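We did not get these values from a lab; they are worked out from the coordinates using the rules stated. Here the structure is a predicted model, which is why all the values come from computation and not from measurement. Reconstructed Cβ throughout: ideal geometry from the backbone, glycine too, with neighbour counts over all protein chains shown.
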Amino acid sequence: MMSISSAARLISSRSVAHTRCALQASACRRTVSTAAGSQNSGDDSALSLLGPLDMRRMDLICHRGPADFEGRVTEVTNNELDWNKTIFHTMKNPIVAAMLKERFGKKPLWADSVISDVTKTAASLPGKQYHAPAKIRHFMATECEFKNEHADGGFDDHLDFCAEYAARYFPGCSPNVLFLHSICGVGTNLFPMDFDKLPQLEALLTPNEFLHVQAFPALQRHLFISLLKSLREHQAAKGGLGTLRGVTFKAYHGATLTLEGADFWDQLNYQLIHNLDFLPLQRWSTYVGDPAVRVFVQLHQLLRDEGKLLADITADRLRDAPGLGDAGALPT
């Protein structure tokens, strides 16, 4: 089993040493491969995505954030789900496995009002915005092994959603990062790509994309364990994060990476987009202790407070959800 350093180190005034992976010229930060998502807008409206993306993900794209659908959705057990084909099959603790199956092993039955709303809204939005480069898809298909993260579709549905959301609502940053965010590891200690293939991956990406793809899985774990708590404490103690330069940490493959300045904030926005795909559909008040809910609420609040919520993600539809104050913040 592979492990990473237990803590990410915040950096402020002192300069830091960069690895070759992390060394970035500021001029190339925004030189990203967004052409895959911008040159071909696909069909006339986002209705073309309905089918490839399920109703839950389509609602997130249509309304740019989550909602509490209590009374408008019924979640039923998906008896056809092969748990061994999901990223959660490594969980041997029967109690934890049961909790994960309860959360992710279901499929939703939607009220007609939700279906009507999503269909109508999707018809008013532009068509598919992200088209993964063929060379990246080929590499993933022939050199990697991915598993499902949800009962309601394969792993590629999760990747397509994250990249599509970024292409639409995270301007100036490459959606390729979220299409590849899991390639260097997932939270359940699965590694879709052998690390000796990193040079092949690097050749497919810009330096900035490669930095963020390497950083994503380790930074995600740090956020859930201690980094977000440290950021909130630093923010409270200093009256903001204006003196914070970034963070340095070990990636899953052992390299020490540093995210500074714009790269640091961009990565946090990538993390927030990804987190959208793991939020509950209903009864949010019963999930205030859930790690995904806690990270979404607190990270959204932190980015908003610092003026760094660069991705268009709104919590407006959670305004009346009870109990979210216990998770760290309430939408305003």
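Results, tabulated for the structure shown:
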| quantity | calculated |
| --- | --- |
| ³J(HN,Hα), Karplus 6.51/-1.76/1.60, whole Hz, each residue of the stretch 66-74, x for Gly, Pro | x, 8, 9, 9, 4, x, 10, 8, 10 |
| Amide H partners (placed H, <5 Å) of residue 314, local residues excluded | 65 |
| Karplus-derived 3J(HN,Hα), 6.51/-1.76/1.60, for each residue of the stretch 131-141, Hz, glycine and proline x | 10, 4, x, 4, 5, 6, 4, 5, 4, 5, 6 |
| Amide proton proximity set for residue 69, modelled H, under 5 Å, gap of 5+ | 282, 283 |
| Total charge dipole magnitude, the stretch 229-293, about the Cα centre, Cβ charges on Lys, Arg, Asp, Glu only, Debye to nearest 20 | 220 |
| Calculated FRET efficiency for the pair residue 79/residue 238, C-beta based, R₀ 45 Å, to 0.05 | 0.30 |
| ³J(HN,Hα), Karplus 6.51/-1.76/1.60, whole Hz, each residue of the stretch 157-174, x for Gly, Pro | 5, 5, 5, 4, 4, 4, 5, 5, 4, 5, 4, 7, 10, 10, x, x, 10, 6 |
| Residues whose placed amide H lies under 5 Å from that of residue 106, excluding near-sequence neighbours | 78, 151 |
| Label-point separation in nm, residue 320 to residue 123, each point 7 Å along Cα→Cβ | 2.6 |
| Over 21 Å [Cα-Cα, the stretch 161-277], rounded percent | 37 |
| Filter on 128/250; 106/135; 128/197; 107/128; 106/128 - keep pairs with C-alpha separation over 32 Å | 128/250; 106/135 |
| Over the stretch 206-274 - Rg/Rh using Cα atoms and the Kirkwood inverse-distance radius | 0.96 |
| Residue 70 paired with residue 145, simple spin-label distance in nm, labels 7 Å along Cα-to-beta-carbon | 4.2 |
| Radius, Kirkwood style, for the stretch 275-319 when every pair of distinct Cα atoms is counted (Å) | 11.2 |
